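Comments concern the structure below.
The values are calculated or read from the model by the stated rules, or taken from the named source; none is laboratory data. Owing to the predicted nature of the structure, the values given are computational and were not obtained by experimental measurement. With ideal geometry, Cβ positions are generated from the backbone for all residues, glycine too; neighbour counts draw on all protein chains shown. Side chains included, ligands, DNA and RNA excluded: accessible areas come from the protein's heavy atoms. Shrake-Rupley method; radii C 1.70, N 1.55, O 1.52, S 1.80 Å.
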Amino acid sequence: MKMKKMIKLWMVTCLQLAELFVSSLVHLLYGFYIFSSAVAGDISQKLNDYLFKSNADINETDQNQSNVEGLHPIVLVHGIFGFGKGRLGGLSYFGGAEKKDERVLVPDLGSLTSIYDRARELFYYLKGGRVDFGEEHSEACGHSRFGRDYGKGEYPEWDEDHPIHFVGHSAGAQVVRVLQQMLADKAFEGFEETNENWVLSVTSLSGAFNGTTRTYLDGMRTDDGISMKPICLLQLCRIGVIMYDWMDISWLKAYYNFGFDHFNISWKKTGVRGLVDCLMGNTGPFATGDWILPDLTIQGSTSLNSNLQTFPSTFYFSYATKRTRRIMGMTIPSGVLGIHPMLFLRVFQMSQWRFPQDVSPPYKGYRDDEWQENDGALNTISMTHPRLPVEHPSQFITSDSECQTLQPGIWYYKIVEADHITFIVNRERAGVQFDLIYDSIFQRCRKHVFRKIPQTLPNQSPSPRSPR
């Protein structure tokens, strides 16, 4: 009997190690592909600029600047492991969607920093000044209170009369919600006039509102949703990130940055002893929990959501994605070719996920079958609208045309057949669906979302629609 148990344990361990090896290899290869594509594109662009110098770009920039006066900016907020304009050369996280409108901003926020830290950084990126993470938070999490200085900011006039449209992908959607709550709470020292109406609309694209079961598959513990298992994909990620930040290779970090500079992990400040402390889990973001994965567990998202509101004067829309289907009562991946190779294994694993019976469920009324539909990174139920710990007002729609008479304070959501990265980085992979999604988002922001009167686009006469 003991021998059988030992053999079973040995087989399970071997399968887990094999899965860890395959997952690590697939993610590493995809990361290398993205990085090499960015380098190749950057080299090509520099050669092109050198060989074909022209004033066309300068003239085009001047033309664009004159056209955008009076338009509320549309801010695209990237998700986990993402990047903004200026990182990875000329590669676009949003697949070039930012070129579809005259006034779009694409901030570069910490790709692995916590939702809280990213929301603080986003505020100063727009309004200007040096990032202030807050004295209490900084002391509790063991990092510097102040971060990067954004100078005058990308939109210094930002206020209630000059609001912003936000579009967030994945964790970026939750960053926007936290930022809006901070604005309502007047949480930025020296900016006492902020309020929730600085945000005109929020559009979520595969947004991480209620957490994801993938965090547990990647290594977060199911019993607390905060700490990691000793051997898992996230532990390998943790070691890699610590080494990357500790080595502090300036040209490499200028190309891509995980966003932990305020933790002062660099060898120049901590030496070898600091590296050992970080690797041993005594200091740094992974020791204090001030990084993004704890915010993406179901428990972490529920805790975060308990302090977030859906505001009555803001317009909300959400695209929830899925790559699964139900057959004879079972949830399985919806084909092979339509799912990115990096996500296929996770789509299958998430569709079969069961919360451990020896662990308390993450919330009262939790059911495994409700969390099986997914897109390889997030569960579809998590992406529609905020549900935990209380459900926010929502309305399911089947067509974007149903959103031409939007009401503020309600989450309109649509379910789209796509995996988690269909609408980012590689627009060719999404095909015509890419243009349909982003054209719909930008058109909604410009023509169907306003508090006073519709905005007039450049070279366009005012809309005959009556003001709300």
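Observations on the structure shown:
- Shown is the FRET efficiency for Thr398 and Phe32, computed with R0 = 41 Å from the Cβ-Cβ distance and rounded to the nearest 0.05: 0.55.
- In the complete set of protein chains, residue-level accessible area for Met383 is approximately 0 Å², probe 1.4 angstrom.
- Cα-based helix-to-principal-axis angle, 2-51 vs the chain, degrees rounded to 10: 30
- Amide H to amide H distances under 5 Å link Ile164 with Val199, Leu200, Ser201, where only residues 5 or more positions off or on other chains count and H is placed in the peptide plane.
- Listed values for segment 158-167 are Karplus-derived 3J(HN,Hα) couplings in whole Hz (6.51 cos²θ - 1.76 cosθ + 1.60, θ = phi - 60°), namely 3, 6, 5, 7, 10, x, 10, 8, 10, 10, and x replaces Gly and Pro.
- Stretchable slack from Arg354 to Asp439, in nm (0.36 nm times residue separation minus alpha-carbon distance): 26.8 nm
- Once semi-axes √(5λ) of the Cα gyration tensor in Å is calculated for the structure shown, the corresponding label among [x] 43, 26, 18; [y] 78, 28, 18; [z] 35, 27, 24 turns out to be [z].
- Phi-derived couplings, Karplus 6.51 cos²θ - 1.76 cosθ + 1.60 at θ = phi - 60°, listed residue by residue for segment 364-373: 5, x, 4, 9, 4, 5, 6, 9, 8, 5 Hz, with x used for Gly and Pro.
- Per residue, the solvent-accessible area of segment 403-453 (1.4 Å probe, heavy atoms of protein chains only, all protein chains present) comes to 42 Å².
- Highest-first arrangement of 322-332, 198-208, where packing means the average Cβ count within 10 Å: 198-208, 322-332
- Acute angle (nearest 10 degrees) that the helix 171-184 long axis makes with the longest principal axis of the chain, alpha-carbon atoms: 60
- Around Asn305: net Lys/Arg minus Asp/Glu count, Cβ-Cβ under 14 Å: 0
- For Gly82, the shell of other residues with beta-carbons less than 12 Å away shows a net charge of +2, using +1 for Lys and Arg and -1 for Asp and Glu.
- Rounded to whole numbers, the Karplus 3J(HN,Hα) couplings from phi for segment 243-248 are 5, 4, 6, 5, 5, 6 Hz, using 6.51 cos²θ - 1.76 cosθ + 1.60 with θ = phi - 60°, and x at Gly and Pro.
- Set the Cα radius of gyration of segment 91-155 against 2.2 N^0.38 Å, with N its number of residues, and you get 1.27.
- Local electrostatic count, Gly190, Cβ distance below 11 Å [Lys/Arg +1, Asp/Glu -1]: -1
- C-alpha long axis of helix 115-127 to longest principal axis of the chain, angle in °: 20
- Tensor-based shape of segment 314-366 (alpha-carbon gyration tensor, a/c under 1.5 rounded, otherwise prolate or oblate): oblate
- FRET efficiency for Lys2 and Ser24, using Cβ-Cβ distance with R0 set to 56 Å, rounded to 0.05: 0.95
- Calculated mean residue ellipticity at 222 nm for the chain: -12000 deg cm²/dmol, from DSSP H runs with n ≥ 4 weighted as -39500 (n - 2.57), summed, divided by the residue count and rounded to 500.
- Taking amide H as placed 1.01 Å from N in the peptide plane, Trp411 has its amide H under 5 Å from the amide H of Ser394, Gln395, each at least 5 places away in sequence or on another chain.
- Ordered from highest to lowest accessible area with the whole protein assembly present and a 1.4 Å probe, Ser360, Ser266, Ser399 read as Ser360, Ser399, Ser266.
- Exposure of Glu189 as accessible area (Å², to 10), given a probe of 1.4 Å and all protein chains: 130
- Å² of accessible area per residue within segment 141-180, as computed with a 1.4 Å probe and no ligands counted: 35
- Solvent-accessible area per residue, Å², over segment 186-227 with all protein chains present [probe radius 1.4 Å]: 29
- Shape of segment 172-282, Cα gyration tensor, a/c cut at 1.5: oblate
- Antiparallel bridge percentage (DSSP; both residues within the chain; nearest 5): 25
- Three-way shape call for segment 328-451 based on the alpha-carbon gyration tensor, with the a/c threshold at 1.5: oblate
- Flagged links, alpha-carbon separation over 26 Å, of Lys46/Lys100; Lys229/Lys364; Lys46/Lys253; Lys414/Lys447; Lys127/Lys269: Lys127/Lys269
- P(r) weight above 16 Å for segment 134-233, C-alpha pairs, percent: 71
- 5 angstrom amide H check on Leu105, placed H, neighbours 5+ away: Ile74, Val75, Leu76
- Surface share of carbon and sulfur [accessible, 1.4 angstrom probe, percent] for the chain: 58
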